[in-house]
Amino acid sequence: MRSLEIEVRTGSARGFTDLTPACARFASDASQGADGLLSVFAPHATAGLVILELGSGSDEDALAALDRLLPRDDRYVHRHGGRGHGADHVLPLFASPSITVPVLGGRLELGTWQSIALLDPNADNETRRVRLSFLAG
Amino acid sequence: MRSLEIEVRTGSARGFTDLTPACARFASDASQGADGLLSVFAPHATAGLVILELGSGSDEDALAALDRLLPRDDRYVHRHGGRGHGADHVLPLFASPSITVPVLGGRLELGTWQSIALLDPNADNETRRVRLSFLAG
Amino acid sequence: MRSLEIEVRTGSARGFTDLTPACARFASDASQGADGLLSVFAPHATAGLVILELGSGSDEDALAALDRLLPRDDRYVHRHGGRGHGADHVLPLFASPSITVPVLGGRLELGTWQSIALLDPNADNETRRVRLSFLAG
């Protein structure tokens, strides 16, 4: 298995960071054109990985849905961090930090409108880490 | 890795389509009785894959829960398609388009009441595609 | 592929059971120090697998969020079992029964605050089963 941890610049805004180019590059390099599974894993307790269409408004719609489900207020038992940080710790139940994507001939088998993205609901972290692993088959 | 894209007839109703027979057949053929992991992947930005009990009412309960979480109204920034289509684009955050299932001796290791299903919340598509991949171990 | 089904004592309370020690032990034994992917799979229609920080209050916050999303009342079409059991059957749409974790040199590549946990929303089952599988790469 080839495995690589990358640093992802998420900046100071809440939201999605597109990992598709990094995943495609890694899958191509690690597979050397072969088939297998790509595992994408975020080693963080307050981040998730998703496969969504980005850039057409669904990013904002997804954040709004999460804010309805996990309001950023004082209801949380977990009280470290700023207001609403308790919500960030529940996020991975819904947006898992682990996804797998099939790779054929070194290419990610994503649909036309799908992007792989890191969802970082927390504006306090400028960077996050993501581990990419390729298992040949 | 053996990999096969199948066409799934989802029809004109919203809801779940049982993929268990197709997955079981593929796992049996691709593995030739060996062990490994089955990856099921939907290359669509408005569909998800789930493992649920089907046919006992939970299908309808799941759709009702999604409609509470993602109301089919005009709140969405994403405005392509009909009313409520914005909700469909947020769905994959909650119901990921990628799942893996262990295979032993060519058989899916599902529990008694578990089925693998494609969740297509959008009644506009008569057919969808799903990629099945088997990685032997 | 090495695969093992373990019995997990979930007791009579709803909630999360930490599987991290069992997963770490299995990954170490099955891999003999090599790299690969760990698949964790719960063969139950009313349980999910999650990667969360445990023990700092987020467990309770997660259960409260699920109770808002899936109220334990009489709204469900699925009517087997006690009041609220219909909610348990929708849970796996949100908390999938299948997750994968990368393993390097026999060690789970979890982040510092991440634990692998079984979420059993149903207090009626004293024990549950979880299948651990290691695919070397």
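The values are calculated or read from the model by the stated rules, or taken from the named source; none is laboratory data. Note that the coordinates shown come from a computational prediction; the quantities given were computed from them, not determined experimentally. All Cβ positions, even for glycine, are placed from backbone atoms using ideal geometry, and neighbour counts span all protein chains on display.
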Whichever residue in region A:54-66 is surrounded by fewer than 20 Cβ atoms within 10 Å (Cβ to Cβ) and out of contact with any Pro (no Cβ under 9 Å at 6 or more places or on another chain) and, among such residues, is farthest from the other protein chains (Cβ to nearest Cβ): A:Gly55
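Would you pick out the residues in region B:31-43 that are more than 10 Å from the chain's Cα centre (by Cα) and either under 21 Å from A:Val103 (Cβ atoms) or not polar (S, T, N, Q) (or both)?
Matches in region B:31-43: B:Ser31, B:Gly33, B:Ala34, B:Asp35, B:Gly36, B:Leu37, B:Leu38, B:Ser39, B:Pro43.
Please count how many residues of region C:121-135 are touching a helix residue (DSSP H, G or I) at 6+ places or on another chain (Cβ under 9 Å) and under 13 Å from B:Gly111 (Cβ atoms). Give the steps one after another, and end with the answer.
If we filter region C:121-135 for residues that are touching a helix residue (DSSP H, G or I) at 6+ places or on another chain (Cβ under 9 Å), which is where we start, we get C:121-122, C:124, C:130, C:132-134.
Narrowing the set further to residues that are under 13 Å from B:Gly111 (Cβ atoms) leaves C:130.
So the count comes out to 1.
Considering only residues that are in a loop (DSSP other than H, G, I, E, B) and among the polar types (S, T, N, Q), look in region A:73-120 and name the one that is farthest from C:Asp59 (Cα to Cα). Talk me through it step by step, then tell me what you get.
To start, the set of residues in region A:73-120 that are in a loop (DSSP other than H, G, I, E, B) comprises A:73-84, A:95-97, A:105-106, A:109-114.
Filter again for among the polar types (S, T, N, Q), leaving A:96, A:112, A:114.
Values: A:Ser96: 15, A:Thr112: 37, A:Gln114: 31 Å.
Ranking the qualifying residues of region A:73-120, first place goes to A:Thr112.
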Number of positions in region B:112-134 that are farther than 18 Å from B:Ala22 by Cβ and not acidic (Asp, Glu): 5
Subset of region B:49-69 (residues that are touching a Leu at 6+ places or on another chain (Cβ under 7 Å) and free of Cβ contacts under 8 Å to residues at least 24 places away in the same chain): B:Ser58, B:Ala65
Cross-chain or 6+ apart pairs with Cβ under 6 Å, region A:106-120 first and free of Cβ contacts under 8 Å to residues at least 12 places away in the same chain, then in a strand (DSSP E or B): A:Glu109/A:Pro102; A:Glu109/B:Arg131
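Conditions tested, residue by residue: (1) touching an Asp or Glu at 6+ places or on another chain (Cβ under 8 Å); (2) within 30 Å of A:Arg2 (Cα to Cα); (3) at pLDDT below 95.
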position	(1), (2), (3)
C:Asp67	no, no, no
C:Arg79	no, no, yes
C:Gly82	yes, no, yes
C:Ser98	no, yes, no
C:Leu108	no, yes, no
C:Ile116	yes, yes, no
C:Arg129	yes, no, no
C:Gly137	yes, yes, yes
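Between B:Arg14, B:Arg72, B:Arg25, which is buried (at least 18 other Cβ atoms within 10 Å of the Cβ) and of a type in the set (Lys, Arg)?
B:Arg14
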In region A:107-122, the residues that are within 12 Å of chain B (Cβ to nearest Cβ) and touching a strand residue (DSSP E or B) at 6+ places or on another chain (Cβ under 6 Å): A:Leu108, A:Glu109, A:Gln114, A:Ser115, A:Ile116, A:Ala117, A:Leu119
Pairs, first more than 17 Å from C:Pro43 (Cβ to Cβ) in region C:81-105, second surrounded by fewer than 24 Cβ atoms within 10 Å (Cβ to Cβ) and among the basic types (Lys, Arg), C-beta under 8 Å, six or more apart: C:Arg83/C:Arg72; C:Gly84/C:Arg72; C:Gly86/C:Arg75; C:Gly86/C:Arg79; C:Ala87/C:Arg72; C:Pro102/A:Arg131
Any chance B:Arg25 is under 25 Å from C:Arg131 (Cβ atoms), within 14 Å of chain A (Cβ to nearest Cβ) and of a type in the set (D, E, K, R): no
Residue within region B:85-92 that is surrounded by fewer than 18 Cβ atoms within 10 Å (Cβ to Cβ) and at negative phi present: yes
